[in-house]
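Everything on this sheet refers to the single structure shown next.
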Amino acid sequence: MDALAGLLDGPRARGAFLIRACFDPPWAVRIEDRAPLSVMAMTQGDAWLVPDSGEPLHLRPGDIAIARGPDPYTCADSPETAPGAVIHPGGRCAAPDGREMPDYIDLGTRTWGGRADGDAVMLVGTYQMRGEISDRLLGALPPLLVLAREDWDGLIVPLLDQEIVRDEPGQEVVLDRLLDLLLIAVLRTWFSRPEADPPAWYAALGDPVVGRALRLLHDDPAHPWTVASLAAKAGVSRAALARRFGELVGEPPMAYLTAWRLALAADRLRDTDLTVGAIAGQVGYGSAFALSSAFKRAYGVSPQQHRAGAA
């Protein structure tokens, strides 16, 4: 598994909040839901994403945006339009003063706004729990990013647009998987762009020595790696690998391996019913106790507590 594949293996939507939002100008919606990550695809008309600090971002038809929580932002027809609605945690909508919203209504299956065929139409998918997205992925993203239609392959959006308004058996699972695919397609494009400012370990993949070492760690995290054995596989001395790895990645090889093992364990606790002992063996710990001790030091909770919280 290469490092990018490992990063993108994280998204696992579970009953994601998905909606087709339709508006006529002037309109503005303040987002305060604290969701870890939301994906917005503009299918008709224009919109602006306005963070509390930083420059507004323009969305045109075919563009797509990702918002990383928990920072609030406003989505509007113009950066100057004052919010007429506020989205709170759980998708609850209210007026800015807290009253019930009279202006925006339920327009049918997963369709909401002022008019079903409004001037502006946006598909919105929200991961509602942090456990659905790995911390490594969230940490690699800016608070807001936009990809223009001409810069990415938008083939998934028409399918999501078609499916989001259907009410069929199993539709929730279909939409969750489409949202995951859409997010992965966007992020794969984003991380290939120079302005993406990817994390140090991602940039280090291009280095012939450190990139080789990173791939070895990702391919076999359970192996009893040492700096010496990793250096031998990478074809350099122990000192040379330690120095270059620290320069490019920002931490020693074994510290990186520990973080990678624990990230894998966190995902498997969330996504499988395997015992802590079985997961420990898969990610390179000799016992459930060893994994539990390392996990609690890193995350502040035991593996069992992490699993219960994700559930």
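Keeping to segment 211-222, report how many residues are part of a helix (DSSP H, G or I) and either under 23 Å from Tyr285 (Cβ atoms) or touching a strand residue (DSSP E or B) at 6+ places or on another chain (Cβ under 6 Å) (or both). Spell out how you get there, then give the answer.
Initially, segment 211-222 is screened for residues part of a helix (DSSP H, G or I), giving 211-219.
Still in the running and either under 23 Å from Tyr285 (Cβ atoms) or touching a strand residue (DSSP E or B) at 6+ places or on another chain (Cβ under 6 Å) (or both): 213-219.
Going through segment 211-222 one residue at a time, the tally reaches 7.
A single entry from Trp225, Trp201 fulfils the requirement of being closer than 19 Å to Gln282 by Cα and either open to solvent by 30 Å² or more (accessible area, probe 1.4 Å) or of a type outside the set (Val, Ile, Thr) (or both): Trp225.
Name the residue, out of Ala185, Ala228, that is among the small types (Gly, Ala, Ser), without any contact (Cβ under 8 Å) to a residue 24 or more places away in the chain and either within 26 Å of Ser293 (Cα to Cα) or assigned to a helix (DSSP H, G or I) (or both).
Result of the check over Ala185, Ala228: Ala228.
Residues satisfying the criterion are present in segment 100-114 (criterion: open to solvent by 50 Å² or more (accessible area, probe 1.4 Å) and β-branched (Val, Ile, Thr)).
Residues in segment 47-83 that are surrounded by fewer than 19 Cβ atoms within 10 Å (Cβ to Cβ), over 21 Å from the mean Cα position of the chain (by Cα) and closer than 18 Å to Leu182 by Cβ: Arg60, Pro61. Candidates are the residues of segment 245-279 that are in contact (Cβ under 8 Å) with a residue 12 or more places away in the chain and not in a helix (DSSP H, G or I); the one that is nearest to Val227 (Cα to Cα) is Pro252. Here segment 1-46 is the region considered, the condition is being open to solvent by 50 Å² or more (accessible area, probe 1.4 Å) and closer than 20 Å to Pro96 by Cβ, and the residue that is modelled with the lowest pLDDT is Arg34.
The values are calculated or read from the model by the stated rules, or taken from the named source; none is laboratory data. Nothing here was measured: the structure is a model prediction, and the numbers come from that model. FYI the Cβ positions are ideal-geometry reconstructions off the backbone, even for glycines, and counts take in every protein chain you see. What goes into the accessible areas is simple: the full protein's heavy atoms, side chains included, and nothing from ligands, DNA or RNA. Shrake-Rupley method; radii C 1.70, N 1.55, O 1.52, S 1.80 Å.
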